[in-house]
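Readers should treat all values here as calculations from the given coordinates under stated rules, not as data from a laboratory. A quick note: this is a predicted structure, and the numbers were derived from the prediction, not measured. Here the Cβ positions follow ideal geometry from the backbone for every residue, glycine too, while neighbour counts run over all protein chains shown.
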Amino acid sequence: MADTVWDLSWLPLAVVIVTMLVGGFVRGFGGFGASMVWVIGMSTVLPPASAIPTALILEVLASLQLLPRAWREAHWASLKWLMLGVLVGLPVGTWVLISVPERPMRLVIGVVVLATTLVMASGRHRENLPGAAGATGTGVVSGVLNGALAMGGPPAIIMYFSSPRHAAMGRASLIVFFLFTDVLGTGSAAVGGLVTPALLGQSAVLFPVSLIGVGLGALWYRRTGAEDFHGYVLWLLAGLSGLILAQTILA
C-alpha cells in the first residue's frame with residue numbers, strides 16, 4: 001500500500017479527492033464527522049499512520065473556518081472539563097496508534113462509531129449536560145480515541161446530542177472542542193514521528209479540496225438550520241460504521 005498521495009495512481013487519488021470533499025461537507029454542516037469520513041476513505045488506499053495524522057491536520061484547518069460563530073455559541077461550562085480530560089487521555093491514544101497493527105485499528109474504528117450510533121438511537125435523553133466529573137471522564141475517553149484513531153468525537157457527540165434540543169449549542173461546542181483536541185492530536189503525532197515532510201505536503205495539497213466541502217456544508221446548514229439535526233447525526237454515524245466494518249471484514 002502507498003504511504004502518501006504522492007505514491008498513488010489516478011484512481012486511488014480520485015478516491016482521496018472525493019473523500020476530502022465529502023468529509024469537508026459533513027464538517028461544514030454538522031460541525032463534526034469529517035475526520036471519520038477522511039480516515040475511513042483514505043484508509044482504503046493509505047495506511048492509518050498516514051491517514052490519521054492527515055485527518056488531524058485538516059480538522060484543525062477546517063475548524064478555524066467555522067470558529068468565530070461557534071466560539072460565541074459554545075457551552076463553555078462543559079467544554080473546560082472535556083478539555084481537561086483530553087489532556088489525560090491523548091498520550092495513551094497516541095501510544096496505541098504507534099503500537100497496534102493496522103487491521104485491529106480499523107476494526108476498533110468501526111466498533112466505536114457503531115456503539116456511538118446505538119447509544120444515541122436508544123432514545124435515552126437527559127435534560128442537562130453532565131457535571132464536572134462526567135464531562136472530564138468523557139474527555140479522557142475522547143483523548144484516547146483522538147490520539148489512536150483521530151476520532152475523539154463519539155463520546156462528546158453522545159454527551160451533547162443526548163437531547164435534540166441541544167443541537168445548535170452542541171454543534172458549536174463540538175467545533176471548539178475538535179479544534180482543541182486536533183491541535184493536541186497533531187502535536188502528539190508529531191512527537192511520535194508520524195508528521196513527516198511528505199505528510200505535511202500531502203495535507204497542504206488536500207486542504208483546498210476539503211475547504212470547498214466545508215464551505216458548501218456550512219452554507220447548507222445556514223439554509224436548513226438545526227431542525228432534524230439529531231436524525232442527521234444518527235444516519236451519518238450508522239453509515240460510517242457500516243463502511244469501515246465492511247471494508248475491514250472484506251479486506
Inset, instruction - Report whether or not ARG72 is under 11 Å from the mean Cα position of the chain (by Cα), touching a residue at least 12 places away in the same chain (Cβ under 8 Å) and farther than 24 Å from ILE98 by Cβ. - result: no
Legend entry - Check on ALA51, under 19 Å from ALA198 (Cα atoms), surrounded by 15 or more Cβ atoms within 10 Å (Cβ to Cβ) and of a type outside the set (Val, Ile, Thr): yes
Legend entry - Number of positions in region 135-146 that are more than 11 Å from the chain's Cα centre (by Cα), buried (at least 20 other Cβ atoms within 10 Å of the Cβ) and not β-branched (Val, Ile, Thr): 3
Inset, instruction - Among the candidates LEU21, LEU97, LEU46, single out the residue that is more than 19 Å from SER173 (Cα to Cα) and outside any helix (DSSP H, G or I). - result: LEU46
Inset, instruction - Please find, within region 1-37, the residue that is farthest from LEU240 (Cα to Cα) out of those that are charged (D, E, K, R) and surrounded by fewer than 24 Cβ atoms within 10 Å (Cβ to Cβ). - result: ASP7
